[in-house]
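The structure under discussion appears below in the form of structure tokens.
The values are calculated or read from the model by the stated rules, or taken from the named source; none is laboratory data. Not measured: the values here are computed from a predicted model. Cβ placement follows ideal geometry from the backbone for every residue including glycine, while neighbour counts extend to all protein chains displayed.
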Amino acid sequence: MSENTTNKIKELQMQLGDMQQDRRDRVCTISGVAEQWLLQEKLTVKQSTYAKYRTNLDIHILPQLGTLQVTDLNSMMVNTYIEYLKEDGRSDGKGGLSAKYVRDLYTILKGIVRYAELEYSLPNSIKNCRIPPKGEGKSIALSRRDQRKLEDYVREDLGDVKKLGILLCLYTGLRIGEICALQWKHIHLDTGVLEICRTVQRIQNPIRDGYPKTFLITGPPKSKASLRAVPIPAFLHDILEKHKRTEDSEAYFLTGRADRLIEPRNYQYHFKNYMKELHMEWIHFHTLRHTFATRAIESGMDMKSLSEMLGHAGVGITMDRYVHSSVEEKKRQIERMCM
């Protein structure tokens, strides 16, 4: 190879290097890489997950970090950002975000930086961050007294399927989206189980201008483990039988119609009104699920069975999120130990 040819090759290599560096400078902002990462994630995640990523990027991550180069990020900067989210991160200016929310945002940011590392060989310098630990902000189950009060109230009118749905969730641990999507064809009274295979939720619309801000989707539950069969308590069997005789199998449980369901936020509204009528402190509907898990453990149910009934991927999730020993139960355990 002649010296002239060698010099031309070197010159082309230098030009290519300059072009690649210029491309990195243009696309390797947090904002630029985030869009590429999001397109990749869209191919593999559920529609609701993609919408959550899009919303969290637009509201929380890109306004604060979007113009920075990926190479500008370091653990100290991200730790400062995490502290900001915990103390003042709410978009309405009313304080900080929950530990889980902060962890979710960090997971997105970590995914963006990892994409830049693999796609552009950029250094990943956010491996030493202080994220909030799991388990912060656990929800509390209803006390036995409040549970009895709620049960007595809904049992007075079990002809109202919305109230019957409350009782059903208390004794099966269904999520609000699952009870709203439950159809009579999934209530198998002959075998005594509920088939949980659908959920409904309202999600943020990732397409902004000229479109509704949110829309309703119905589909499979949040994970494969959530596809499950849940036993129907015996005391509810006859009550459900009376309702099922008059219902179309395609009808939704809470409406009795095949062409209309109750979306979760509306069912939460009904639940809130029930709590007002009882003069009880307002709780989130999900507390019924926590209550079911807590009562199940107190009654001696094994963790494997409970985990499967709740639709968890593993027993550890059940222990961390849903099991809360009461003070009375702890006292009994201590006394038992001292015998």
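Structural remarks
- Selection status of residue 295, at pLDDT below 90, surrounded by 16 or more Cβ atoms within 10 Å (Cβ to Cβ) and in a helix (DSSP H, G or I): no
- Qualifying residue in segment 1-16 (condition: aliphatic (A, V, I, L, M) and either surrounded by 13 or more Cβ atoms within 10 Å (Cβ to Cβ) or at pLDDT 85 or above (or both)): no
- Of the numbered criteria (1) in a loop (DSSP other than H, G, I, E, B); (2) modelled with pLDDT of 95 or more; (3) not charged (D, E, K, R), the one residue 288 fails is (1).
- For residue 116: the one exception among (1) buried (at least 16 other Cβ atoms within 10 Å of the Cβ); (2) touching a residue at least 60 places away in the same chain (Cβ under 8 Å); (3) under 28 Å from residue 297 (Cβ atoms): (3)
- Here segment 188-210 is the region considered, the condition is being out of contact with any helix residue (DSSP H, G or I) (no Cβ under 6 Å at 6 or more places or on another chain) and not in a loop (DSSP other than H, G, I, E, B), and the residue that is modelled with the lowest pLDDT is 202.
- The residue that is modelled with the lowest pLDDT, among those in segment 211-235 that are over 20 Å from residue 57 (Cβ atoms) and part of a loop (DSSP other than H, G, I, E, B), is 222.
- Among residues of segment 116-144 being assigned to a loop (DSSP other than H, G, I, E, B) and small (Gly, Ala, Ser), the one that is modelled with the lowest pLDDT is 137.
- From the options 214, 191, residue that is surrounded by fewer than 19 Cβ atoms within 10 Å (Cβ to Cβ) and touching a strand residue (DSSP E or B) at 6+ places or on another chain (Cβ under 7 Å): 214
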